[in-house]
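> Please find one structure pasted underneath; my questions will follow.
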Amino acid sequence: MDELKLYTYIAVFGTFAVYFGIAWWARAGSTSEFYVAGGDITPLQNGMAIGADWMSAASFISMAGLISFLGYGGSVFLMGWTGGYVLLAMLLAPYLRKHGKFTVPEFIFDRYYSKTARVVAVVCLIIASLTYIIGQMKGVGVAFSRFLEVDYDLGLYIGMGVVWVYAVLGGMKGITYTQIAQYCVLIFAYTIPAVFISLQLTGNPIPQLGLGSTLSDGSGVYLLDKLDMVVTDLGFNEYTTDNMGGTLNMFAYTLSLMIGTAGLPHVIMRFFTVPTVKAARASAGYALVFISLLYTVAPAVGAMARLNLLNTIEPVAGQNLVYAERPQWFKDWEKTGLLKFEDKNGDGKIQYVADKKTNEMVKVDRDIMVLANPAIANLPNWVIALVAAGGLAAALSTAAGLLLAISSAISHDLMKGIMMPDLSEKSELKASRIVMTLAIIVSGYLGLNPPGFAAGTVALAFGLAASSIFPALMMGIFSKKMSGTAAVAGMCSGIGITMLYVFQHKGIMFIPGTSFLGDMGPNWFFGISPNAFGVVGAIVNFSVAFVVLKFTGEAPAHIQALVENMRIPKGSGAAHAH
Amino acid sequence: MDNEKTYWGENLRLIFICLTIWFVVSYGFGLLLVEPLNTIRLGGYKLGFWFAQQGSIYTFVGLVFWYSAKMNQLDKKYNVEE
């Protein structure tokens, strides 16, 4: 076993041992501990746990790579996935915490006094969470297969086993404390390589400042100017101004991601774990600090990785890398199929340009930008080993949060809330553990056999959260008169139009060939891509709800009183079931 | 009861101020006004690009803490704290 592999095993299994230790220490004994960690998590702890809960395999592995290739256009992910927390902190979290229940569908049921509304919320929650989990499971399998050279399937089984131990044993309590540990692992793993690379390129150890500094090669040229120059010379769009599909599309995309972020149940649920309204407001702030640590480093990682990659292939303009002399990391990633070279002009050198006809780097997978970045920059082996543990921490922590959202929606909302109201606490706890085990098996199965539509599903998860859950919650708090009938009508039409738009451009249930309008710019409504459509769904939801409200009469007096009570912090107790 | 109504009114005003700033730094500076702002430089950053990839995020963090501190004061002022 070589040194790198040894370090990777130590990093990965060392962190697993820590998670198991925490799981044993934080076993859940009651439904309150299982659903809301007993309700006595501090804001600082909760902020860290939200950070890990939120930052998934996609944030850790894919986001910097996306920015790397999209340049300025990648800003939609940076602003969208952080700006949502401003909405959450001011429009939802404090009031939901004051109301003090275990789950999001339960809040919807109380506020809209309607079992239909609760079921609609459960369905949206399950679809959004399951589609999200597939990505995490794939992330676990990929991390194992690339870093430890374990079979993808075996890697996924190990991941399922680890999540099972701490999520099923500990419920929200175990998940919270492991997420805190996972946040520390992932943020170290993300920032340390970035610090090294920023030092190498600019001499500034802080990546956020390095991105705006001059290169340390003595030329005195700013890093971003150099990058703009290099990419435009090769025929790509200018890095700092390339706007993905136009301003309106970026605008709608950012807004959809923000609203979707604020409406994702596995994040909202974390605000039920703190003891007071004040603590809920504070934990939103801490969460955003911890998330921003990664999100402000990501653009530096993206830009620097792009520059490093281009510099490796063409160190001096016109003097391209000879394929036979390519570095070791190049060979390693070729083996995985994520990098592919085709010597089109037969000169034995690598030409990497924008023009598809002469470009010889026929495949450069975006994920490489984070995964191979340390190797491209010649960083020490222990740094590369950390990246493996960090990627796994990001995937596992998000998967656990999603699994809890799913199992609580089924055991607490469907079983206890609707089908078997006289279920005892002990049986409910047992039921939620069984449901969670089943959810792990289902998501593992989906990770092993990713449905053909897996790529389109993230858009669907955000679209559903943005067009159904967020508007329903917001109107529930800010419009006292909003009635159950009107809210259900709004939710259904919001989801309806979003699904219709996604399906008409991406195929019904993402089955190729069934789309009735092509997935191309000219067919899009005002040039808005299906991924960016959630905000239109949300607007439809709000409009339909207010129109129906006008014709069907307002919510009864006791509900209006309930809303008034929700708006003031006084009298909040720990989250409870009834 | 009136006390609680004024409290809610002040809260709404505060949210409105925060969300205006939220909108201006991200959608305003980062998207709609990005081209004119890009003519100004902040070190190696074009200013519009900086707002889109750095500045808006720092502002978000500041906003959430400021809102939270202001609300804690309001809770005390109107005697509705926990």
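The values are calculated or read from the model by the stated rules, or taken from the named source; none is laboratory data. This structure is a prediction, so every number in the text was calculated from the model and none was measured. Glycine gets a Cβ as well: all are built from the backbone with ideal geometry, and neighbour counts include every protein chain shown.
> For the stretch A:92-134, enumerate the residues that are among the small types (Gly, Ala, Ser) and either surrounded by fewer than 24 Cβ atoms within 10 Å (Cβ to Cβ) or at pLDDT 95 or above (or both). Show your work before the answer.
Kept after step one, since they are among the small types (Gly, Ala, Ser), are these residues of the stretch A:92-134: A:93, A:100, A:114, A:117, A:121, A:128-129.
Within the stretch A:92-134, A:Ala93, A:Gly100, A:Ser114, A:Ala117 qualify.
Every residue, every condition in (1) part of a helix (DSSP H, G or I); (2) over 27 Å from A:Ala93 (Cβ atoms); (3) away from every other protein chain (no Cβ under 12 Å), yes or no:
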{"residue": "A:Leu227", "(1), (2), (3)": "yes, yes, no"}
{"residue": "A:Asn237", "(1), (2), (3)": "no, yes, yes"}
{"residue": "A:Ala252", "(1), (2), (3)": "yes, no, no"}
{"residue": "A:Leu257", "(1), (2), (3)": "yes, no, no"}
{"residue": "A:Thr261", "(1), (2), (3)": "yes, no, no"}
{"residue": "A:Ile268", "(1), (2), (3)": "yes, no, yes"}
{"residue": "A:Phe271", "(1), (2), (3)": "yes, no, yes"}
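> Residue by residue through the stretch B:47-66, note down the ones that are facing chain A (nearest Cβ under 8 Å) and either of a type in the set (Val, Ile, Thr) or crowded, with 24+ Cβ neighbours inside 10 Å (or both). Working first, answer last.
Initial filter on the stretch B:47-66 (facing chain A (nearest Cβ under 8 Å)): B:49-50, B:52-54, B:56-58, B:60-61, B:63-65.
Residues satisfying the conditions are B:Phe49, B:Trp50, B:Ala52, B:Gln53, B:Gln54, B:Ser56, B:Ile57, B:Phe60, B:Val61, B:Val64.
> Do any helices (runs of 4 or more DSSP H) lying entirely in the stretch A:437-507 carry at least 2 residues that are closer than 20 Å to A:Lys101 by Cβ, at pLDDT 90 or above and within 22 Å of the chain's Cα centre (by Cα), and which ones are they?
Details: elements: A:457-464, A:470-478, A:484-506.
It comes to A:470-478.
> So, in the stretch A:208-223, how many residues would count as being in a helix (DSSP H, G or I) and either among the β-branched types (Val, Ile, Thr) or over 27 Å from the mean Cα position of the chain (by Cα) (or both)? Walk me through it before giving the result.
Step one: list which residues in the stretch A:208-223 are in a helix (DSSP H, G or I), which gives A:208-210, A:223.
In the following step, the residues that additionally are either among the β-branched types (Val, Ile, Thr) or over 27 Å from the mean Cα position of the chain (by Cα) (or both) were identified as A:223.
Of the residues in that region, 1 qualify.
> In the stretch A:143-163, which residues are more than 22 Å from A:Arg27 (Cβ to Cβ) and buried (at least 21 other Cβ atoms within 10 Å of the Cβ)?
Answer for the stretch A:143-163, where residues must be more than 22 Å from A:Arg27 (Cβ to Cβ) and buried (at least 21 other Cβ atoms within 10 Å of the Cβ): A:Ala143, A:Phe144, A:Arg146, A:Phe147, A:Gly155, A:Leu156.
> So the check is Cβ under 7 Å with 6+ separation or different chains; which pairs have a first residue in the stretch A:1-29 that's closer than 23 Å to A:Tyr157 by Cβ and a second one that's among the β-branched types (Val, Ile, Thr)?
Going by the 7 Å Cβ cut-off, the qualifying pairs are A:Thr15/A:Val185; A:Phe16/A:Val162; A:Tyr19/A:Val162; A:Tyr19/A:Thr178; A:Phe20/A:Val165; A:Ile22/A:Thr178; A:Ala23/A:Val165; A:Ala23/A:Thr178.
> Taking only the stretch A:164-175 into account, find how many residues are surrounded by 24 or more Cβ atoms within 10 Å (Cβ to Cβ) and either modelled with pLDDT of 95 or more or out of contact with any Ser or Thr (no Cβ under 9 Å at 6 or more places or on another chain) (or both).
Matching residues across the stretch A:164-175 total 1.
> When you scan the stretch A:326-423 for helices (runs of 4 or more DSSP H) that lie fully inside it, which ones turn up with 2 or more residues that are touching a Gly at 6+ places or on another chain (Cβ under 9 Å) and under 25 Å from A:Met229 (Cα atoms)?
Working: elements: A:328-336, A:368-371, A:373-376, A:381-408.
It comes to A:368-371.
> Looking at the stretch B:67-76 only, could you name the residues that are more than 8 Å from chain A (Cβ to nearest Cβ) and either of a type in the set (Asp, Glu) or in contact with a strand residue (DSSP E or B) (Cβ under 8 Å, 6 or more places away or on another chain) (or both)?
none
> Has the stretch B:35-44 got any residue that is within 30 Å of A:Leu92 (Cβ to Cβ) and either in contact (Cβ under 8 Å) with a residue 40 or more places away in the chain or more than 17 Å from the chain's Cα centre (by Cα) (or both)?
So the first thing to find is which residues in the stretch B:35-44 are within 30 Å of A:Leu92 (Cβ to Cβ), and the list is none.
The answer is no, given that none of the residues of the stretch B:35-44 is within 30 Å of A:Leu92 (Cβ to Cβ) and either in contact (Cβ under 8 Å) with a residue 40 or more places away in the chain or more than 17 Å from the chain's Cα centre (by Cα) (or both).
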